[in-house]
Each structure stands twice: as C-alpha cells, then as structure tokens.
C-alpha cells in the first residue's frame, strides 16, 4: 500500500543553519506530494507541493523536489529562523481516482535556537 | 475568503458519552475530509465526503461516523467514547481534483475522561 517515511526528530538547529528533512514514499503510479507545517496549537498549513516527477515546490524559502527515481521529496531551507520552529509533515495523495485522502508521515519536530 | 472553521475548539467528555464535531469548509469547496491526530498514531484518515456522499473511509470502528449536508458543512460523531478517542480531530476541505489541495481547520481537541 501507499506509505510515507520521514526522518525522526527532533531536529535542533541554530538560526541561519541549513535544514534538510528527509522524506521517502511508497506508492503506485505518480502520487502528488506535499509538505505541511503545524505550529503549536494550530491545524496544518500547506507549505508546498509537487504533482509530477522533477517538479520543485517552493514557498517561504523552503524547497522540495519530486524525485521519482529515489521516491523522495526532501524538504530543504538554506537559512532557518526561530519562527520556523514547528512540526513538519510529508504527505501524499494517491495517483488517479476520485479521493483526496492524504497519507502522512510521522512528522518531524524542528526547533531553531537563536 | 474565510478558512475552514471547526467547532467547538475544545471538548471534555466522559467515557460512554457521545460527541458531535462540526466543520464548515471554505466557500465553494465540496470535499470534506476528517483526520485524527494522536501522539502515538500520528495523523490518520477517518473519512471523506463529496457532495453529501462518503467516498472513502479509514480503518476506524463503526462508532465513528460522519455526514455532509447540502451546503457542504460536515459533522462527525463518535458514540460510546473511549479514553483512546482523546485526540485532535482535524477537518480539511478541498475543491477536489485536479487541484488536489486540502486546507485544514484549527481542529477540535477532544479529551475523554
């Protein structure tokens, strides 16, 4: 079946450090891939998405590239800020069909220290 | 445009009771999905509705049910509450294919005592 695996946290970085959060997936066909972010006490916000191989999603300095050959969608940011501290979820929706069901990874807590 | 609105934000119930949670989607969105978030199990899909029809269901017991109204608002109901039902319940709405983006509400925090 479809699944998402992302790196365990917490990830602790100093401000302005480089961020990578690894995400790999298992799915048939060409799923759509997403990164969502959850700040304390809030719901999930879409950070970025990619819908086909080699697509790069980007938003607020974050980037992720849909790699079909390695079934990966790693999240990167060149210089993190304290305000980026949150939980990050990698997710996919299955290819085709009529459903919007999201399958999530376990989430990675990012803590950025000043 | 207003976002996804979930009410209430917090609920405290006791074992054996039932509870109803409400979700108002973004205007124009016809798809509504529900997710349960717990520290142990993470984010798990409950069910999805589109134009008042359930078109997908997760692996939850029959105590969990939902419905969608003609104005796309949705409710989910949990009967005979158990301690393990304590969770953050998230609702998401979407225009549907091909945009395929779900927008989440802030959630309802349910505590079962």
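The values are calculated or read from the model by the stated rules, or taken from the named source; none is laboratory data. Just so it is clear, the model here is predicted, and its values are computed rather than measured. Reconstructed Cβ throughout: ideal geometry from the backbone, glycine too, with neighbour counts over all protein chains shown.
Scanning region A:39-66 for residues that are surrounded by 14 or more Cβ atoms within 10 Å (Cβ to Cβ), in contact with a strand residue (DSSP E or B) (Cβ under 6 Å, 6 or more places away or on another chain) and not in a strand (DSSP E or B), which turns out farthest from the other protein chains (Cβ to nearest Cβ)?
Applying the filter and picking the extreme gives A:66.
Quick one: would you say residue B:28 is part of a loop (DSSP other than H, G, I, E, B), away from chain A (no Cβ under 14 Å), more than 16 Å from residue A:102 (Cα to Cα) and modelled with pLDDT under 95?
Yes.
Considering only region B:22-39, state which residues are over 19 Å from residue B:51 (Cα atoms) and either surrounded by 11 or more Cβ atoms within 10 Å (Cβ to Cβ) or in contact with a helix residue (DSSP H, G or I) (Cβ under 9 Å, 6 or more places away or on another chain) (or both).
Of all residues in region B:22-39, those over 19 Å from residue B:51 (Cα atoms) come to B:36-39.
Answer for region B:22-39, where residues must be over 19 Å from residue B:51 (Cα atoms) and either surrounded by 11 or more Cβ atoms within 10 Å (Cβ to Cβ) or in contact with a helix residue (DSSP H, G or I) (Cβ under 9 Å, 6 or more places away or on another chain) (or both): B:36, B:37, B:38.
Looking only at region A:67-114, which residues are away from chain B (no Cβ under 14 Å), in contact (Cβ under 8 Å) with a residue 24 or more places away in the chain and in a loop (DSSP other than H, G, I, E, B)?
Scanning region A:67-114 gives A:68, A:70, A:71, A:73, A:74, A:78, A:79, A:80, A:81, A:85, A:114.
With the requirement that a residue be touching a residue at least 40 places away in the same chain (Cβ under 8 Å) and more than 11 Å from the chain's Cα centre (by Cα), what does region B:34-57 give you?
B:38, B:43, B:50, listed by residue number.
Could you list all residues from region B:89-108 that are part of a strand (DSSP E or B) and either facing another protein chain (nearest Cβ under 8 Å) or surrounded by fewer than 17 Cβ atoms within 10 Å (Cβ to Cβ) (or both)?
Passing the criteria: B:90, B:92, B:94, B:103, B:104.
Looking at this structure, is residue B:89 at pLDDT 95 or above and over 18 Å from residue B:13 (Cβ atoms)? Spell out how you get there, then give the answer.
Working: at pLDDT 95 or above: yes; over 18 Å from residue B:13 (Cβ atoms): no.
No, not satisfied.
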